[in-house]
Amino acid sequence: DRVALVDETGRSWSYGELAGEVNRLAERFRDVPGDTAGILLLNSQRYVVTMLALWKAGKTAVPLNYLLTPQDLGFILQDSGMSILVASKFFEEALQKIRPLFEGRGTILMADAEDFLPGSSIADGKVVGDPALLLYTSGTTGRPKGVILSHRNLLANVASCQKAGSFGPEDSFL
């Protein structure tokens, strides 16, 4: 299998390995109620797997900027209606401040927990017109504002990049 991703430790992940983890995690997300999930992780292999697994499970991902204040994170949490938050211990201080806002709303999953990835997996995915991402602005002139991108929007972006740059199978993206 070709290399799909090289993680922060230098380990290479093949497309098959990446797909295997995505499928296993998507199964876990399918069992969690709600359509919208926040991601509070550092840029890593786990971030990529989490984003793809959320989409495969039919969830809308809300990437959270960890540089935002706990107040702004709390606003996005409430405004987006997220019922799932995927985070890591690295953000424990911010989690302590926003956890009370999440009480009774849904589930917080710790991506660095040993039981984060289940044993079984799924193979089917989401429809291209459904929401994929809910992105928020930084809120420099007021409250952060959210915009929804569909799976179709993301596919169009990839097609546009391919057309503009003549990219092939041997190329890599950051």
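A simple spin-label model places the labels of residue 93 and residue 145 3.1 nm from each other, with each point 7 Å out along Cα-to-Cβ. Which FRET efficiency value, to the nearest 0.05, is calculated for residue 67 and residue 31 with the Förster distance at 35 angstrom and r the Cβ-Cβ distance? After rounding, the FRET efficiency stands at 0.65. These residues, 160, 88, go from largest to smallest accessible area, 1.4 Å probe, as 160, 88.
With contacts taken as Cα pairs under 8 Å at a separation of at least 6 residues, the range 1-115 carries a relative contact order of 24 percent. For the pair residue 78 and residue 42, a Förster radius of 22 Å applied to the C-beta separation gives a FRET efficiency near 0.40, rounded to the nearest 0.05. For residue 97, give me every one of the aspartates and glutamates with a C-alpha distance below 16 angstrom, ignoring sequence neighbours fewer than eight places off in its own chain. Here the aspartates and glutamates satisfying the reach criterion relative to residue 97 are 72. Taking a straight Cα-Cα cut-off under 16 Å and skipping sequence neighbours fewer than 8 places away in the same chain, the aspartates and glutamates within cross-link reach of residue 89 are 112, 114, 115.
Taking a point 7 Å out from the Cα of residue 170 in the direction of its Cβ, the residues of the range 1-42 whose backbone N falls within less than 15 Å of it are 3.
The values are calculated or read from the model by the stated rules, or taken from the named source; none is laboratory data. Just so we're clear, the structure is a prediction, and the values are computed from it rather than from any experiment. Here Cβ is always computed from backbone atoms with ideal geometry, including for glycine, and neighbour counts include all displayed protein chains. Surface accessibility is based on the protein's heavy atoms, side chains included, excluding ligands, DNA and RNA. Shrake-Rupley method; radii C 1.70, N 1.55, O 1.52, S 1.80 Å.
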